[in-house]
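Participant: Below is the structure I would like to discuss, written out as structure tokens.
Just so you know, all these numbers are worked out from the coordinates, no wet-lab data involved. Every value quoted in this text rests on a predicted model; they were computed, and no experiment measured them. As a convention, Cβ positions derive from the backbone with ideal geometry for all residues, glycine included, and neighbour counts pool all protein chains shown.
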Amino acid sequence: MLTLAIIKPDAVAAGKAGKVLAHHEQSGFTIRAATFIRLTTGQAEAFYAVHRDRPFFRPLVTFMTSGPCMPLALDRDDAVLKLREVIGATDPKEAAPGTVRALLAESKERNAIHASDSEDSARREVGFFFADAALINT
Ligand code: CMP
């Protein structure tokens, strides 16, 4: 099963992308597709459309367009649930020890990584960045 992760602009700018990738690989995920992109405002608004009425929407779009990020399609059994366990709670202060956010995130806003929150979101979000043809079969 596939899920989508995005190594966010704070982690890329801080030179932590490799550490995040290593964490995923050590947690049993196979990288099926990866890219490096600076999102446009329109792309970030579309990706996070579900949050458009939330007070943090505009700062989130500004942050996600502030520099390059790395979307990844990650594969393993129970991928959506497992990736959310591996990355930890949205706010690094609440994230379990050893999770990506506990280790590498600065704040709830600059929290190093995104992960799909359901299987429906994962299908939509993987498709947002990767055509079927871009997914490597391993
Ligand atoms: P992410 O998994 O990318 O999904 C939505 C993002 O909004 C979330 O991670 C946070 O980085 C960001 N965000 C900022 N403030 C909040 C908040 N109060 N509650 C939830 N998400 C927030």
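Participant: Kindly provide the helix-only [θ] at 222 nm of the chain, computed as the sum of -39,500 (n - 2.57) over DSSP H runs of four or more divided by all residues, to the nearest 500 deg cm²/dmol?
Facilitator: My calculation for the chain gives -10500 deg cm²/dmol from helical runs alone.
Participant: Then there is this: Pulled fully out, how much extra length does the chain show between residue 108 and residue 134, if you take 0.36 nm times their separation in residues and subtract their Cα-Cα distance?
Facilitator: On the way: separation 26, 0.36 × 26 = 9.36 nm, distance 3.13 nm.
Difference between extended and current length: 6.2 nm.
Participant: How large is ³J(HN,Hα) for each residue in the stretch 58-65, as worked out from phi by the Karplus curve 6.51 cos²θ - 1.76 cosθ + 1.60 (θ = phi - 60°), to whole Hz, x for Gly and Pro?
Facilitator: Values per residue, Gly and Pro as x: 5, x, 5, 5, 4, 5, 5, 9 Hz.
Participant: Between exposed GluC sites (Glu not before Pro) in the chain, where DSSP calls loop and at most 15 other Cβ atoms lie within 10 Å, what's the longest gap?
Facilitator: On the way: sites that count: 106, 109.
Between the exposed loop sites, the longest stretch runs 1-105.
Participant: Label residue 56 and residue 1 with points 7 Å out from Cα along Cα→Cβ: what is the distance between them in nm?
Facilitator: According to this spin-label approximation, the distance is 2.4 nm.
Participant: A further question on this structure: Which of the peptides 50-58, 97-105, 14-22 is most tightly packed, and how do the rest follow, judged by the mean count of other Cβ atoms within 10 Å per residue?
Facilitator: Details: 50-58: 11.1, 97-105: 18.8, 14-22: 15.2.
Result, highest mean first: 97-105, 14-22, 50-58.
Participant: If you don't mind, there's one more thing I want to ask. What FRET efficiency would be calculated for the residue pair residue 117, residue 14, taking the C-beta separation as r and a Förster radius of 22 Å, to the nearest 0.05?
Facilitator: Values: r = 24 Å, r/R0 = 1.11.
Given R0 = 22 Å and the Cβ-Cβ separation, E is 0.35.
Participant: How would the chain be classified by its alpha-carbon gyration tensor: rounded, prolate or oblate, with rounded meaning a/c under 1.5 and the a/b versus b/c comparison settling the rest?
Facilitator: Rounded shape, in that the Cα axes give a/c under 1.5.
Participant: Another question, if that's okay. For the stretch 25-106, with only Lys/Arg (+1) and Asp/Glu (-1) charged at the beta-carbon, what is the dipole magnitude about the Cα centre, in debye rounded to 20?
Facilitator: 220
Participant: If you count, for each residue, the other Cβ atoms within 10 Å and average over each peptide, how do 111-117, 37-43 line up from highest to lowest? Could you put the intermediate results ahead of the total?
Facilitator: Details: 111-117: 22.7, 37-43: 13.6.
Averaged packing, sorted descending, gives the order 111-117, 37-43.
Participant: Compute the whole-percent fraction of alpha carbon pairs in the stretch 1-81 spaced more than 19 Å apart.
Facilitator: That fraction is 43 percent.
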